[in-house]
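Data block below; observations after.
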Amino acid sequence: MAIKIAVLASTRGTDLQAIMDEIAAGTLDAELKLVLTNKECPAEERARKAGYKTKILLFDKEKDNRESYDKQVAELLDNEDVELVVLVGWMRLFSPWFCQRYENRIMNIHPSLLPSFPGMDRSVHEEVLDYGCTVSGCTIHFVDEGTDTGPIIMQGTVPVRHDDTVDSLKEKVQALEQQLYPRAIQLFGEGKIEVSGRKVTVKDDAWRRIQ
């Protein structure tokens, strides 16, 4: 049975496009129930044009705090019976309440090899280049109450060349993200991802062979 997912996004949604493409191709057995954004953005437009249900939920600075906003998000997710929350450039931090409610059911992708270089997208690639790293990559992890600190599900690497720029490195990392993210969602839906403390076990022979 297809796993029911929601994508939360704030930016362009390139990884969202990869997820939608895999669903359309039949290579990702998931039902995308909702694409939720916290502002007008290209990700919402992508999903709406593809025929998916979308919702823009603005943060009201006069009425909302982090937890009250998250409770509105949770109501939308629960109305769709969402089993896995997938973050694609979601630019809001969750409250402890939300993290506990959906423990090990919020998946995020980060454009570096955590725990190195946490933080925001473009600055991450700048830091990788400034530090002189010879490899970079991406990390798929579960979200906890910290920032980029949750249990790591899987990582992939790309080489960093001496002539790489922020834009060229970002392009390589994003291409890798679009390969790995649908795979991680599929494995979760198949019940092949288990979490014990900080340790994640992926019970999949094909995945283990490429590690």
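Hey, does region 56-67 have a residue that's among the basic types (K, R) and without any contact (Cβ under 8 Å) to a residue 24 or more places away in the chain? Within region 56-67, one or more residues are among the basic types (K, R) and without any contact (Cβ under 8 Å) to a residue 24 or more places away in the chain.
The strands (runs of 3 or more DSSP E) falling completely within region 80-159 that include 3 or more residues that are of a type outside the set (F, W, Y), assigned by TED's automatic domain parsing to the domain that holds F188 and farther than 17 Å from A9 by Cβ map to 135-142, 152-159. H125 meets the conditions (1) touching a Leu at 6+ places or on another chain (Cβ under 6 Å); (2) within 26 Å of A74 (Cβ to Cβ) in every case but one. The failed one is (2). No other residue among S116, S95 is without any contact (Cβ under 8 Å) to a residue 40 or more places away in the chain, touching a Lys or Arg at 6+ places or on another chain (Cβ under 6 Å) and under 21 Å from V143 (Cα atoms) apart from S95. V86 meets all of the listed conditions (1) of a type in the set (A, V, I, L, M); (2) within 27 Å of K172 (Cβ to Cβ); (3) surrounded by fewer than 17 Cβ atoms within 10 Å (Cβ to Cβ) but one, namely (3).
When you check A25 against the structure, is it free of Cβ contacts under 8 Å to residues at least 12 places away in the same chain, surrounded by fewer than 15 Cβ atoms within 10 Å (Cβ to Cβ) and among the aliphatic types (A, V, I, L, M), yes or no? Let's see the steps before the verdict.
Numbers: free of Cβ contacts under 8 Å to residues at least 12 places away in the same chain: yes; surrounded by fewer than 15 Cβ atoms within 10 Å (Cβ to Cβ): yes; among the aliphatic types (A, V, I, L, M): yes.
It is true that A25 is free of Cβ contacts under 8 Å to residues at least 12 places away in the same chain, surrounded by fewer than 15 Cβ atoms within 10 Å (Cβ to Cβ) and among the aliphatic types (A, V, I, L, M).
Quick grid of which residues meet (1) touching an Asp or Glu at 6+ places or on another chain (Cβ under 7 Å); (2) within 25 Å of L129 (Cα to Cα); (3) part of a helix (DSSP H, G or I):
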site	(1), (2), (3)
R161	no, yes, no
D167	no, yes, yes
Q174	no, yes, yes
A184	no, no, yes
L187	yes, no, yes
V195	no, no, no
T201	yes, no, no
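The sole residue among K49, K71, K53, K61 that is touching a Leu at 6+ places or on another chain (Cβ under 8 Å), outside the structural domain of S196 (by TED's automatic domain parsing), surrounded by fewer than 17 Cβ atoms within 10 Å (Cβ to Cβ) and basic (K, R) is K53.
A quick yes/no check of all residues on (1) within 30 Å of K71 (Cβ to Cβ); (2) surrounded by fewer than 19 Cβ atoms within 10 Å (Cβ to Cβ); (3) modelled with pLDDT under 95:
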position	(1), (2), (3)
M120	yes, yes, yes
T134	no, yes, no
T139	yes, no, no
V160	no, no, no
F188	yes, no, no
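Here is a check on your reading of the model: is E67 part of a helix (DSSP H, G or I), charged (D, E, K, R), modelled with pLDDT of 95 or more and over 22 Å from G119 (Cβ atoms)? So E67 fits the description; yes.
Out of P111, P115, I need the residue that is in contact with a helix residue (DSSP H, G or I) (Cβ under 6 Å, 6 or more places away or on another chain) and either acidic (D, E) or modelled with pLDDT of 95 or more (or both). Which one?
Details: P115 fails: in contact with a helix residue (DSSP H, G or I) (Cβ under 6 Å, 6 or more places away or on another chain).
When all the criteria are applied, what remains is P111.
For region 16-28, does any single residue satisfy the condition of being outside any loop (DSSP other than H, G, I, E, B), under 15 Å from the mean Cα position of the chain (by Cα) and closer than 21 Å to G150 by Cβ? Yes, the conditions are met somewhere in region 16-28.
Rundown of residues vs (1) among the hydrophobic types (A, V, I, L, M, F, W, C); (2) closer than 25 Å to A18 by Cβ, yes/no style:
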position	(1), (2)
A47	yes, yes
K53	no, yes
N79	no, no
G89	no, yes
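The values are calculated or read from the model by the stated rules, or taken from the named source; none is laboratory data. It should be emphasised that the depicted structure is a prediction, and the values quoted were computed from it without experimental measurement. Cβ atoms come from the backbone with ideal geometry, glycine included; neighbour counts cover every protein chain shown.
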